[in-house]
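K.L.:
Please find one structure pasted underneath; my questions will follow.
Each value in this text was obtained by applying a stated rule to the coordinates, not by laboratory testing. Not measured: the values here are computed from a predicted model. Please note: Cβ atoms are built from the backbone with ideal geometry, for glycine as well, and neighbour counts cover all protein chains shown.
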Amino acid sequence: MTSLANQLSPLRAPDSPAPAAPAHAYDLGLLVLRLGLGLTMAAHGAQKLFGWFGGGGIDGTGQFFAASGYPSPKAFAVVAGLSETLGGLGLALGLLTPLAAAAVAGTLVNAIAVKWGGGFFAPQGIEYELLIALGAVALALTGPGRIAVDRLLPGLRSHRLGYGVGAVALGVVVAGITLLLRK
């Protein structure tokens, strides 16, 4: 077990005479990223599920999914809403972070596919969805940091890159299968 002093001491980049940022700075940075991405996605999910924040609820989101070529549009609206809400809350809390990130990234892969062809920049572009998806992937790969619920769970106490890679692969495969179902 490493001492708290060792955990908070500056990290050194290989062959670097100057210390890198202290470990707690990384943890705070990851917390800010998790909260921003997670709460944004949870709010988007609440729009789909409950119609909150000016969203369409299940019916309105289902209509959008039907127009976008998804079969069983209300069922897909529920899946997307739950993926965004639960994935977003998981990211914000740092709970099951690789899976939460995969849920968010997989949902956004579908959003990017639906919006593809509208260019890169807003209002029709994909830059927002791409940025959130890549942020989620980055969190899956790096882990949540030490200010996270995962630190309290024995199997997830120390993040492993393999968990992140596996979760992202799962998210991409499920997103791909979902896209294959579109008409």
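K.L.:
Using a 10 Å cut-off on Cβ atoms, rank the peptides 136-145, 173-182 from the highest mean neighbour count down. Write out the running numbers ahead of the final one.
P.N.:
Values: 136-145: 23.0, 173-182: 14.1.
The peptides rank, most packed first, as 136-145, 173-182.
K.L.:
I've got another one for you. For Ile147 and Val32, compute 0.36 nm times the residue count separating them, minus their Cα-Cα distance, and round to one decimal in nm. Provide the component values of the computation, followed by the final result.
P.N.:
On the way: separation 115, 0.36 × 115 = 41.40 nm, distance 1.03 nm.
So the extension gain works out to 40.4 nm.
K.L.:
From the alpha carbon gyration tensor of the range 80-125, can you work out the equivalent ellipsoid semi-axes (sqrt of 5 times each eigenvalue) and give them in Å, largest to smallest? Intermediate values should be presented prior to the final figure.
P.N.:
Details: eigenvalues 121, 17, 14 Å².
Output for the range 80-125: semi-axes of 25, 9, 8 Å.
K.L.:
For the range 53-183, what is the charge dipole size about the Cα centre, in debye to the nearest 20, if Lys and Arg each add +1 at the Cβ and Asp and Glu each add -1 at the Cβ?
P.N.:
Numbers: 8 positive and 5 negative charges, 56 e Å.
In debye, rounded to 20, the range 53-183 gives about 260.
K.L.:
Just name one of Thr85, Ala167, Ile147: the one whose Cα is farthest towards the positive end of the charge dipole of the chain (beta-carbon charges, Lys/Arg +1, Asp/Glu -1).
P.N.:
Value computed over the given set: Ala167.
K.L.:
Can I ask one more? Starting with the highest mean, order 93-103, 109-119 by the number of other Cβ atoms within 10 Å, averaged over the residues of each peptide.
P.N.:
Numbers: 93-103: 25.5, 109-119: 16.1.
Top of the packing list down: 93-103, 109-119.
K.L.:
Whole-Å semi-axes of the range 47-93's equivalent ellipsoid, largest first, each the root of 5 times a Cα gyration tensor eigenvalue? Let's see the in-between values first.
P.N.:
Details: eigenvalues 79, 29, 9 Å².
Result for the range 47-93: semi-axes of 20, 12, 7 Å.
K.L.:
Looking at the calculated P(r) for the chain, what percent of the C-alpha pair distances fall above 27 Å? Walk me through the intermediate numbers first.
P.N.:
On the way: 5415 of 16653 pairs.
So the pairs more than 27 Å apart make up 33 percent of the total in the chain.
K.L.:
So how compact is the range 28-111: Cα radius of gyration and Dmax in angstrom?
P.N.:
12.8, 42
K.L.:
Ranking request for peptides 37-46, 71-80: highest mean number of other beta-carbon atoms within 10 Å first, then the rest in descending order. List each step's numbers first, then the result.
P.N.:
Details: 37-46: 21.3, 71-80: 17.8.
Averaged packing, sorted descending, gives the order 37-46, 71-80.
K.L.:
To continue, here is another question. Given that compact globular proteins tend to follow 2.2 N^0.38 Å, what is the ratio of the alpha-carbon Rg of the range 87-183 to that value? List each step's numbers first, then the result.
P.N.:
On the way: Rg = 14.3 Å, N = 97, 2.2 N^0.38 = 12.5 Å.
For the range 87-183, the normalised Cα radius of gyration comes out at 1.14.
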